[in-house]
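To keep things clear, I will list the structure first and then write my remarks on it.
None of the figures in this text is laboratory data; all of them are computed from the coordinates on show. Small disclaimer: the values here were computed from a predicted structure and weren't measured. Note: ideal-geometry Cβ built from the backbone for every residue, glycine included; neighbour counts use all protein chains shown.
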Amino acid sequence: MGLRVLVTRPEPDAAATAARLRAAGHEPLVDPLLRILPIAEARLSDGRFDAVALTSVNGARALAVRPELDALCGLPLHAVGRRTAAAAPAAFGQVHVAGGDGEKLAFALRAALPRGSRLLHVAGEDRAIDLAAALAPDGIAVALFVIYRASLTEALAVPTREALAQGRIDAALHFSPRTAGALVAGARLAGLVPALARIDHLCFSAGVAAPLRAAGAPARVAAAPNEEALLALLRDG
């Protein structure tokens, strides 16, 4: 029997996740609690770069439509994970894929770039890792190019509030600490925080689970920070 699953990630990923859930026989309820907004006024730093780092799928998508992409054509690309690499523009030279988080990406960059290199970190306003601080001891300079922001939704959508109040959500998939925190904040605003404890919360990482657990909601963490691992948790029950 299928489950009623809340999906709070931004679009277009929310729709893709919902399609996978339907294909598996579940009933998704989509309520994106973040909106991804481009920062048109962002400007690329002057000077040469030896490589480019991407730490999110949203950064990869935003870069694909930036005019500055021409100046980066042919440079090596270091992506935090497989999904980010797949979303990246095809303008780069060699593409290197790290193990899925910022610390693993920093480790890979230390191994790949010699001292004196200059790296361009394409990212959003909120970042899980400060690559400049992580790589400074290795003599690798990092220029930050912030090209998008994630804007939080202040309240839960009416269908989400109703389903939460009536106990019609079996599970929720959580991909980031911000969306998990936004769900807690939205539930608090609606007076529905106790209802979160009735849901099986499935999380990318312990950091994603933290705001849910702080609110008294049970949260399980996937074996790896990817959608496949989250869906495996859903299958395993």
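Once phi is turned into θ = phi - 60°, what whole-Hz ³J(HN,Hα) does the Karplus curve with 6.51, -1.76 and 1.60 give for every residue of the stretch 216-222, x standing for Gly and Pro?
x, 9, x, 9, 10, 10, 5
Calculate, for ARG48 and ALA19, the FRET efficiency according to 1/(1 + (r/R0)^6) with r their C-beta to C-beta distance and R0 45 Å; round to the nearest 0.05.
Once rounded, the FRET efficiency stands at 0.60.
Quote the FRET efficiency, to the nearest 0.05, computed for ARG35 versus ARG82 with a Förster distance R0 of 35 Å and r equal to the Cβ-Cβ distance.
Numbers: r = 25 Å, r/R0 = 0.70.
E(calc), rounded to 0.05, equals 0.90.
With the cut-off at 15 Å, report for the stretch 173-237 the share of all Cα pairs above it, as a whole percent.
Values: 924 of 2080 pairs.
Summing the P(r) of the stretch 173-237 above 15 Å gives 44 percent of all pairs.
Compute log10 of I(q)/I(0) for the stretch 128-237 with the Debye formula, placing one identical point scatterer on every Cα and leaving out solvent, at q = 0.10, 0.20, 0.22 Å⁻¹, to two decimals.
-0.37, -1.03, -1.16
What is the angle, in °, between the Cα long axis of helix 227-236 and the longest principal axis of the Cα atoms in the chain? Nearest 10 is fine, range 0 to 90.
The answer is roughly 30 degrees.
Just name one of VAL146, GLY2, ALA91: the one whose Cα is farthest towards the positive end of the charge dipole of the stretch 1-149 (beta-carbon charges, Lys/Arg +1, Asp/Glu -1).
Working it through, the farthest residue towards the positive pole turns out to be GLY2.
Between GLU68 and ALA112, what length in nm is gained on full extension when 0.36 nm per residue of separation is reduced by their alpha carbon distance? It would help to have the intermediate numbers written out before the result.
Values: separation 44, 0.36 × 44 = 15.84 nm, distance 2.39 nm.
Gain in length upon complete extension: 13.5 nm.
What 222 nm value per residue comes from the helices of the chain, counting each DSSP H run with n ≥ 4 as -39,500 (n - 2.57) and dividing by all residues, nearest 500 deg cm²/dmol? Present the calculation step by step, with values, prior to reporting the outcome.
Details: 10 runs with 85 residues, N = 237.
It lands at -10000 deg cm²/dmol.
Taking a virtual spin label 7 Å from the Cα of ALA214 along the C-beta vector, which residues in the stretch 152-193 bring their backbone nitrogen under 14 Å of it?
Once the point is set 7 Å along Cα→Cβ of ALA214, 177-186, 188 turn out to lie under 14 Å by backbone N, inside the stretch 152-193.
Could you grab the relative contact order for the chain? Cα pairs under 8 Å, six or more apart, rounded to a whole percent.
Working: 475 pairs, mean separation 43.7, N = 237.
Reported as a whole number, the value is 18 percent.
Of the candidates ALA185, ALA90, ALA222, which one comes out as most mobile in a Gaussian network treatment of the chain with C-alpha springs shorter than 10 Å?
Comparing ALA185, ALA90, ALA222 in the GNM, the peak value goes to ALA90.
Please work out the C-alpha center-to-center distance from the stretch 3-22 to the stretch 193-237 and express it in whole Å.
Between the Cα centres of the stretch 3-22 and the stretch 193-237 lies a distance of 15 Å.
Seen from all sides and averaged, what is the projected area of the convex hull of the Cα atoms in the chain, in nm²?
Working: hull surface 52.6 nm².
One quarter of the hull surface, i.e. the mean projection, equals 13.2 nm².
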